[in-house]
Amino acid sequence: MSKGPISQFIEKHYLHFNSASLVDAAKAYEQQLANGAKMMVSMAGAMSTAEIGKIFAEIIRQDKVQIISCTGANLEEDIMNLVAHSHYERVPNYRDLTPQDEWDLLERGLNRVTDTCIPEHEAFRRLQKHIYKIWKDADDKGERYFPHEFMYKMLLSGVLEEYYEIDLKDSWMYAAAEKNLPIVVPGWEDSTMGNIFASYVIKGELKASTMKSGIEYMTFLADWYPKNSTNGIGFFQIGGGIAGDFPICVVPMLYQDMEMHDIPFWSYFCQISDSTTSYGSYSGAVPNEKITWGKLDINTPKFIIESDATIVAPLIFAYLLDL
């Protein structure tokens with residue numbers, strides 16, 4: 001398929017510096033898939049609230065990602081946007097807000113993420129009502145699932161359909177649920193739904209063990225990686241933090257701790273980040289540092305795009321979709 005106007009514009013004008021890195025990374029991602037490699041996309045930040053689902057859902061549907069790692073916030077906020085979009089409020093002058101302005105937003109049940117406010121009642125509480133029933137049902141039966149599996153159950157059950165406020169095709173979580181795409185969600189406990197689950201455990205209404213843990217996510221990934229790495233697995237990292245740090249470690253763990261010395265390195269690496277290397281930040285470290293940790297090979301194609309992920313990621317995805 002020939003490239004569309006967005007991709008043609010990128011190839012014509014994105015010739016130097018971070019824009020050139022964007023093109024190089026997109027072409028190398030495309031080549032990985034052409035070579036039969038699989039791809040992990042890790043997603044930090046507030047990408048779901050930034051409505052990345054409008055394009056990422058199609059990446060999922062077209063099999064251009066085979067596994068996802070994301071924060072608990074991204075896992076739930078895509079669904080919140082699905083069921084409460086009309087109740088969100090944008091605050092374009094967020095830089096000018098006073099402490100009193102912020103307090104007033106809180107009083108109205110609006111939780112601010114930069115320029116976008118998530119409505120507590122229509123988003124958090126609407127999901128809570130339905131996800132609790134699914135948690136409780138599993139708890140009563142002595143069944144255990146991962147956080148994303150509970151979310152998949154809720155989406156596929158149809159209980160949220162009456163609330164849909166955006167086109168379902170723009171929800172990346174629904175696209176992932178339809179494919180039963182594997183997801184790892186490290187540190188899920190610090191998300192809103194994680195906090196709510198913990199509150200039920202404290203009240204004695206649910207058992208903590210009903211929710212599978214981060215260690216179990218790592219053991220799942222340790223099983224998945226060797227089974228899927230015949231032609232390589234690439235790593236496309238949006239932002240920094242635990243969404244990227246957690247899954248990339250599976251390779252040195254298998255090599256060093258499990259002594260699986262034939263385990264292949266990640267076959268591609270790209271990170272979109274604005275973190276500063278000189279501050280000792282792992283998220284801002286240049287990809288070559290990962291060689292010393294046994295994550296990337298000397299010859300692994302490596303890219304870092306120091307820019308805003310909400311600008312860069314949709315452009316790369318557009319290129320992969322030939323838009």
Sum of -39500 (n - 2.57) over DSSP H runs of 4+, divided by residues of the chain (222 nm, nearest 500): -13500 deg cm²/dmol
Exposure rule at most 13 other beta-carbon atoms within 10 Å, DSSP loop GluC sites (Glu not before Pro): the chain longest free segment: 1-142
Within the accessible area of the chain (1.4 Å probe), percent carbon and sulfur: 52
Residue of 188, 103, 135 that the Gaussian network model of the chain assigns the largest fluctuation, springs spanning Cα pairs under 10 Å: 103
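Translational diffusion coefficient of the chain at 10 °C, 1.306 mPa s, Stokes-Einstein with Kirkwood Rh over Cα pairs, in µm²/s as a whole number.
Working: Rh = 20.7 Å.
In µm²/s, the coefficient rounds to 77.
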Region 1-118: equivalent-ellipsoid semi-axes (sqrt of 5 x gyration tensor eigenvalues, Cα, Å): 34, 19, 12
Per residue accessible area in Å² of region 231-270, where ligands, DNA and RNA are left out and the probe is 1.4 Å: 38
Percent antiparallel among DSSP beta bridges (both partners in the chain, rounded to 5): 20
Rounded to whole Å, sorted largest first: equivalent-ellipsoid semi-axes of region 223-323, Cα gyration tensor: 24, 18, 11
Isotropically averaged projected area of region 173-224, using the convex hull of Cα atoms (one quarter of hull area), nm²: 4.3
Euclidean distance of C-alpha centroids, region 166-203 and region 1-64, integer Å: 24
Value of relative contact order over the chain, rounded to a whole percent, pairs C-alpha under 8 Å and six or more apart: 27
Values of log10 I(q)/I(0), in the order q = 0.09, 0.11, 0.12, 0.15 Å⁻¹, for region 107-251 under a Debye, Cα-only, solvent-free model: -0.33, -0.50, -0.60, -0.94
Low-density loop positions, trypsin sites (Lys or Arg not before Pro), region 169-237 - DSSP coil, at most 16 other Cβ in 10 Å: 203, 207
Region 18-106, accessible area per residue, ligands and nucleic acids excluded (1.4 Å, Å²): 40
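The values are calculated or read from the model by the stated rules, or taken from the named source; none is laboratory data. None of these values were measured; they are calculated from a predicted model. For neighbour counting, all protein chains shown are included, and Cβ atoms are generated from backbone atoms with ideal geometry for every residue, glycine included. Please note that ligands, DNA and RNA were not included when accessible areas were found on the heavy atoms of the full protein model with its side chains. Shrake-Rupley method; radii C 1.70, N 1.55, O 1.52, S 1.80 Å.
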